[in-house]
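Mind looking over this structure? Questions follow.
The values are calculated or read from the model by the stated rules, or taken from the named source; none is laboratory data. All of these numbers come straight from a predicted model, not from anything done at the bench. Cβ placement follows ideal geometry from the backbone for every residue including glycine, while neighbour counts extend to all protein chains displayed. Heads up: the accessible areas ignore ligands, DNA and RNA and are worked out on the full protein's heavy atoms, side chains in. Shrake-Rupley method; radii C 1.70, N 1.55, O 1.52, S 1.80 Å.
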Amino acid sequence: MAHPSQLGFQDAASPVMEELLHFHDHTLMIVFLISTLVLYIIVAMVTTKLTNKFILDSQEIEIIWTLLPALILILIALPSLRILYLMDEINDPHLTIKAMGHQWYWSYEYTDYEDLGFDSYMVPTQDLTPGQFRLLETDHRMVIPVESPVRVLVSADDVLHSWAVPSLGIKMDAVPGRLNQTAFITSRPGVFYGQCSEICGANHSFMPIVVEAVPLEHFENWSSLMLEDA
């Protein structure tokens with residue numbers, strides 16, 4: 001969960017998000033170094049009246065400032081491609097959930113169970129209980145087992161939506177007539193909040209996503225209760 005005045009990312013709750021945070025720090029360090037070097041060169045050129053003829057016409061310097069940016073781009077591209085392929089990797093999921101976007105709520109179907117599905121609406125402000133977050137809490141949370149590979153099939157029933165949970169490193173577009181998929185593993189129990197990240201209409205900001213990761217025993221008890229109520 002983000003905090004007021006927070007400048008960085010939310011705490012990672014999945015291995016992919018941890019990799020994304022490390023890549024962000026790696027890239028940001030390179031940007032700082034480049035910015036410092038460029039600032040130093042600008043200040044040096046502005047403040048000095050001296051001119052070095054070897055800088056004005058030097059093959060060695062031209063080779064260096066051609067190869068150096070290429071090397072920096074490689075240092076950024078290789079980790080980026082690695083994470084990109086990690087995010088697309090789906091290996092033997094233990095649970096598959098279909099998330100369907102509607103105007104303006106989400107519906108979830110646990111496809112490994114026969115009749116386990118529900119709609120998830122935002123809790124109105126006047127119905128919030130102490131400790132719940134305004135515009136982020138739902139009446140039904142998507143409950144998953146912790147430390148288990150989960151596959152999410154994402155689609156939409158009417159217009160474009162986007163199923164996104166920042167702390168899990170997930171953002172998948174929900175397109176009518178198209179079935180997209182993503183996968184994640186939660187590394188710790190907790191409640192993780194997200195929102196539709198595609199401008200889908202007048203109530204776009206009122207269709208939050210709540211993922212609750214619980215131990216496997218609690219998930220089995222919850223699924224049994226849901227099936228009994230159905």
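Each row is one residue, and each column tells you yes or no for (1) out of contact with any Leu (no Cβ under 9 Å at 6 or more places or on another chain); (2) surrounded by 12 or more Cβ atoms within 10 Å (Cβ to Cβ).
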residue: LEU68; (1), (2): yes, yes
residue: MET87; (1), (2): no, yes
residue: ASN91; (1), (2): yes, no
residue: GLN126; (1), (2): yes, no
residue: LEU135; (1), (2): yes, yes
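Suppose we filter the range 77-99 for residues that are touching a residue at least 60 places away in the same chain (Cβ under 8 Å) and in contact with an Asp or Glu (Cβ under 6 Å, 6 or more places away or on another chain); how many remain?
Residues that pass the stated criteria total 1.
Can you tell me which residue in the range 8-51 is farthest from PHE184 (Cα to Cα), limited to those that are small (Gly, Ala, Ser) and either surrounded by 13 or more Cβ atoms within 10 Å (Cβ to Cβ) or not assigned by the TED database to the domain that holds ILE83 (or both)?
Among them, the one singled out is GLY8.
State the number of residues belonging to the range 182-200 that are open to solvent by 30 Å² or more (accessible area, probe 1.4 Å) and in a loop (DSSP other than H, G, I, E, B).
Going through the range 182-200 one residue at a time, the tally reaches 7.
Also: Look through ALA12, ALA2 and report the one residue that is under 24 Å from SER80 (Cα atoms) and part of a loop (DSSP other than H, G, I, E, B).
Checking each option against the conditions leaves just ALA12.
Can I ask one more? Is the range 218-227 home to any residue that is under 17 Å from the mean Cα position of the chain (by Cα), touching a residue at least 12 places away in the same chain (Cβ under 8 Å) and outside any loop (DSSP other than H, G, I, E, B)?
So far as the range 218-227 goes, no, none of its residues is under 17 Å from the mean Cα position of the chain (by Cα), touching a residue at least 12 places away in the same chain (Cβ under 8 Å) and outside any loop (DSSP other than H, G, I, E, B).
Taking ILE74 as the residue in question, decide whether it is free of Cβ contacts under 8 Å to residues at least 24 places away in the same chain, over 32 Å from the mean Cα position of the chain (by Cα) and in a helix (DSSP H, G or I).
no
Within the range 143-161, restricting attention to residues that are free of Cβ contacts under 8 Å to residues at least 60 places away in the same chain and assigned to a strand (DSSP E or B), which residue is most open to solvent (accessible area, probe 1.4 Å)?
LEU153
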